[in-house]
Amino acid sequence: MDEAIIVLTNLPDRAIAIRLANALVEQRLAACVNVLAECASVYRWNGAVKNAAEVPVLIKTCAGRYAEVEAAIRSLHPYELPEIVAVPVVRGCNEYLQWVAGETSFSIG
């Protein structure tokens with residue numbers, strides 16, 4: 001079974017986040033995408049401290065699909081430099097992890 005990962009990104013509003021979530025699931029690049037509540041982000045950009053409202057997104061997929069997930073995020077994301085980070089799933093419910101692998105399998109057609 002391919003290793004499960006969670007890919008994190010933030011988007012400027014809920015509509016764009018939902019559009020990304022639907023695209024990833026429809027293309028079988030993610031088994032599930034959680035679009036979370038708006039949060040406050042504080043970061044340094046071009047030498048200045050910025051504050052922005054953003055919508056965090058948690059993308060459940062497999063490591064073998066990471067490059068495609070990143071490409072899809074980049075193509076749909078409005079930011080010049082979007083946050084795209086992946087973290088491994090160290091442990092989890094075996095049936096759930098099998099479902100994630102099955103929903104993002106290359107062989108499903």
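Shown here: the stretch 1-49, whose C-alpha atoms stretch 43, 26, 18 Å along the first, second and third principal axes, sorted largest to smallest.
The alpha carbon centroids of the stretch 78-92 and the stretch 1-51 are separated by 8 Å.
Can you pull out the trypsin sites (Lys or Arg not before Pro) in the stretch 40-109 whose DSSP state is coil and whose Cβ has at most 15 other Cβ atoms within 10 Å? Those that pass, being in a loop and sparsely packed, are R91.
The label-point distance for V87 and L36, in a model that sets each label 7 Å from Cα toward Cβ, rounds to 0.9 nm. Rounded to the nearest 500, the 222 nm mean residue ellipticity of the chain from helices alone is -9500 deg cm²/dmol, with -39,500 (n - 2.57) taken per DSSP H run of at least 4 residues. For C32, the residues 5 or more places off, or on other chains, whose built amide H falls under 5 Å of its own are K60.
Throughout, read-outs are computed from the coordinates displayed, never taken from laboratory work. Keep in mind that what you see is a predicted model, and the values were worked out from it rather than measured. Here the Cβ is made from the backbone with ideal geometry for all residues, glycine too, and neighbour counts use every protein chain on show.
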